[in-house]
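Undergrad: Encoded as structure tokens, here's the structure I'll be asking about.
The values are calculated or read from the model by the stated rules, or taken from the named source; none is laboratory data. The shown structure was predicted, so the numbers you read here are calculated from the model rather than taken from an experiment. Quick reminder, even Gly has a Cβ in these numbers, built from the backbone with ideal geometry, and neighbours come from all protein chains shown. Quick note on the areas: whole protein, heavy atoms, side chains included, nothing else; ligands and nucleic acids left out. Shrake-Rupley method; radii C 1.70, N 1.55, O 1.52, S 1.80 Å.
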Amino acid sequence: GEFVAIVGPSGCGKSTLLRIVTGLIPRSGGELAVFGKPVSGPVTDVGIVFQQPILLEWRNVLENVLFQIDMRGLDREKYRARALELLAAVGLADFADRRPYELSGGMKQRASIARGLVHEPPLLMMDEPFGALDALTREQMRIDLERLWLETKKTIVFITHSIDEAVLLADRVVVMSPRPGRIETIIPIDLPRPRGLAARKDARFIAATDQITEIFLERGVLQRQPA
């Protein structure tokens, strides 16, 4: 039920870590367990949302959400109501019969989130899902995702480049170093929820973002402004 964000520079291994957790690629060492079970191959009881929505152009929005069900060989009629419920939850109730080309970037990503949740996975992995969106859409998507998470209480692992986004969304922020990627620190975030636009003014938000920023300055990921 926890929301964990992983933040780090490009190339540090964030997406690789996601693939290792889901068993899509093998780990080179150490131990790994998901919900107490050792990972020795692909973890199927999981939902994944990628940076690009990857919707099938020949399917409408509802059919794209149900593609997850079709690929798993589940009863699509059983999950149809769940798909429609999720589309309503992400603000796409009136777009179920639209094709992807009729949607904005944010709407496409909302559809991909519904697809990732339709089979009721206990774990949702999100690999920079808002990275390709404009700033305003990204902010709204962040607020919408938090609301959806509060309703479903799924375990979410969220990968991002954005320090602000990580702090605003997560219960804990895992900070990674530049290549070769290492875990620099894990920061608990005690901001009250829901965290709307006003959360950026909270002293706890400022302290957490400053702490992460200082780590990246020390590691040369960010450069200090010349005096």
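Undergrad: Of LEU222, LEU133, THR16, which is farthest on the positive side of the dipole of the chain, counting Cα position, with +1 on Lys and Arg Cβ, -1 on Asp and Glu Cβ, and the Cα centre as origin?
TA: In the chain, that residue is THR16.
Undergrad: Follow-up question, since we're still on this one. Counting only other residues whose beta carbon sits under 11 Å from that of GLY196, what net charge do I get with K and R as +1, D and E as -1?
TA: Numbers: positive: ARG142, ARG147, ARG193, ARG195, ARG200, LYS201; negative: GLU139, GLU146, ASP202.
Around GLY196, the charge tally is +3.
Undergrad: Now, a different point. Would you tell me the accessible area of PHE35, worked out with a 1.4 angstrom probe on the heavy atoms of the protein chains, in Å² to the nearest 10?
TA: 120
Undergrad: May I pose another question? Mind checking which aspartates and glutamates have their Cα closer than 17 Å to the Cα of LYS37? Skip sequence neighbours fewer than 8 apart in that chain.
TA: ASP45
Undergrad: While we're looking at this one, here's another question. Report the paramagnetic label zone for ALA135: residues of region 150-164 whose backbone N is under 15 Å from a point 7 Å from Cα along the Cα-to-Cβ axis.
TA: 162-164
Undergrad: Which residue, MET107, MET126, MET71, tops the fluctuation ranking in a GNM of the chain built on C-alpha contacts under 10 Å?
TA: Maximum fluctuation in the GNM of the chain, among the listed residues, is at MET71.
Undergrad: Additional query: Would you rank LYS108, LYS78, LYS14, LYS153 by solvent-accessible area, highest first, keeping every protein chain in place and using a 1.4 Å probe?
TA: LYS78, LYS153, LYS108, LYS14
Undergrad: Let's test the formula: R0 of 41 Å, r as the Cβ-Cβ distance of GLU2 and ARG98. What FRET efficiency results, to the nearest 0.05?
TA: For R0 = 41 Å, the calculated efficiency reads 0.75.
Undergrad: A further question on this structure: For a bin width of 10 Å, list the pair-distance distribution of the chain built from all Cα-Cα distances, rounded to whole %.
TA: 8, 31, 35, 20, 6, 1, 0
Undergrad: Another question, if that's okay. Measure nothing but the geometry: give the 0 to 90° angle between the long axis through the Cα atoms of 61-72 and the longest principal axis through the Cα atoms of the chain, rounded to 10°.
TA: Roughly 90 degrees, rounded to the nearest 10.
Undergrad: Given R₀ = 22 Å, what would the calculated FRET efficiency be for LEU217 paired with SER10, taking r from the Cβ atoms and rounding to 0.05?
TA: So the FRET efficiency works out to roughly 0.85.
Undergrad: So what is the accessible area of the chain per residue, in Å², with the probe set to 1.4 Å?
TA: Details: 11610 Å² over 227 residues.
Per-residue value: 51 Å².
Undergrad: Still on this structure, please answer the following. Multiply the residue gap between ARG200 and GLU85 by 0.36 nm, knock off their C-alpha separation, and tell me the result in nm, one decimal place.
TA: My answer for the length gained is 38.3 nm.
Undergrad: Next question, about the same structure. Add -39500 (n - 2.57) for each DSSP H run of 4 or more in the chain, then divide by its residues: what number comes out at 222 nm, to the nearest 500 deg cm²/dmol?
TA: -12000 deg cm²/dmol
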